[in-house]
Amino acid sequence: MSVLRVRNLSKAFGGVHAVENVSFDVGDGEFLALIGPNGAGKSTCFNMINGQLAPDRGDIQFADRSIVGLKPREIWRLGVGRTFQVAATFGSMTVAENVQMALVSHHGEIFRFARALAARHRERAFELLEQVGMAGSAPRACKELAYGDVKRVELAIALANEPRLLLMDEPTAGMAPRERNDLIALVKRLVVERRISVLFTEHSMDVVFAYADRIIVLARGMLIADGNAEAIRDNMQVQQVYLGAGRTFRPHAQAQS
């Protein structure tokens, strides 16, 4: 069963085709990596799925419903979580308050502040922080945290809407090798426990090959490979992309590979 279906997704900026006729599925409980060199179209693809960009063509279905044209907050409330390459938290607020704000939004209370934020969804916020190993830092301001810990707080925020699908854009960017592996191992554990589907982009190939159930590869806006770690490792076009030998990726070139 597919939680997300992307069909013939395309987006151009002027004469540049950032994403061109891309199609793929994300299965129920699948941990799917979307990789490619800089400029491959990964972030553009993510931003269309998340509603930040409107596609020129194609369709995106989440849980058998088209989400093209919906705003990011509407997609979030349907059950799609998101983390960003640069962690998005409120630095002046405490760790607990950041998660509480997400819970307030999830429950549709964002414009109804009848009582102080400190009293809202506090127990659930601590449960989420416990799951990501950050409950001990709940009273600290986010700006005081190390970057790896901010990433964990962002993950707790992304889980606040009990997502069926989690989109993670470069989740380990800026992290040390041990932090990278610890974070992805944590995400993988939560995915298995909660049966969440995850689509993530990542430049760290050790993380991708160690944890992804399946890998899809973009180059010059087009999908050039789809398979498990072994198949992707042995794919000649993928090797060209990462070794810098591949210059043009057109449909006729794919047919010859």
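Values quoted throughout were computed directly from the atomic coordinates according to the rules given, and no laboratory measurement underlies them. Owing to the predicted nature of the structure, the values given are computational and were not obtained by experimental measurement. Because the Cβ atoms are built from the backbone with ideal geometry, glycine has one as well, and the counts that use them run over all protein chains shown.
Please list 84-92, 20-28 highest first by mean number of surrounding beta-carbon atoms within 10 Å per residue.
20-28, 84-92
With a 10 Å cut-off between alpha carbons and a GNM built on the chain, which of Ala12, Ala156, Ala219 moves the most?
Ala12
Describe numerically, in nm with one decimal, the distance between label points set 7 Å from Cα along Cα→Cβ at Arg124 and at Asp206.
Each label point is offset 7 Å from its Cα along the Cβ direction, giving 3.8 nm.
Is the chain rounded, prolate or oblate when judged by the Cα gyration tensor, a ≥ b ≥ c being the square roots of its eigenvalues, rounded requiring a/c under 1.5 and prolate requiring a/b larger than b/c?
Since a/c reaches 1.5 and a/b is larger than b/c, the shape of the chain is classed as prolate.
Counting only helical runs of four or more DSSP H residues, what would the 222 nm mean residue ellipticity of the chain come to if each run contributes -39,500 (n - 2.57) and the total is spread over all its residues?
Values: 10 runs with 94 residues, N = 257.
Mean residue ellipticity, 222 nm, calculated: -10500 deg cm²/dmol.
Taking neighbour Cβ counts within 10 Å as the exposure measure, how do Cys45, Cys142 sort from fewest upward?
Ranking Cys45, Cys142 by Cβ neighbours within 10 Å, fewest first, gives Cys142, Cys45.
Can you work out the FRET efficiency for the pair Val86 and Arg189, with r the C-beta to C-beta distance and R0 = 22 Å, to the nearest 0.05?
0.35
Which residues in the stretch 38-62 place their backbone N less than 15 Å from a point set 7 Å from the Cα of Ala12 along the Cα-to-Cβ direction?
From the stretch 38-62, the list is 55-58.
What nm value, rounded to one decimal, do you get for the distance between Met93 and Arg178 when each label is placed 7 Å out toward the C-beta?
3.2
Give me Val191, Val241 sorted ascending by neighbouring Cβ count inside 10 Å, so fewest comes first.
Val191, Val241
Relative contact order for the chain using alpha-carbon pairs under 8 Å, separation at least 6, rounded to a whole percent?
Answer for the chain is 26 percent.
At 0.36 nm per residue, minus the direct Cα-Cα distance, what do Asp226 and Glu74 gain on full extension? Give it in nm, one decimal, please.
51.8 nm
Using a Cα-Cα cut-off of under 27 Å, which lysines could be cross-linked to Lys151, ignoring same-chain neighbours fewer than 8 residues away?
In chain and number order, the partners are Lys42, Lys71, Lys143, Lys188.
So how tilted is helix 95-106 from the main axis of the chain? Cα-based, degrees 0 to 90, rounded to 10.
With rounding to tens, the tilt is 70 degrees.
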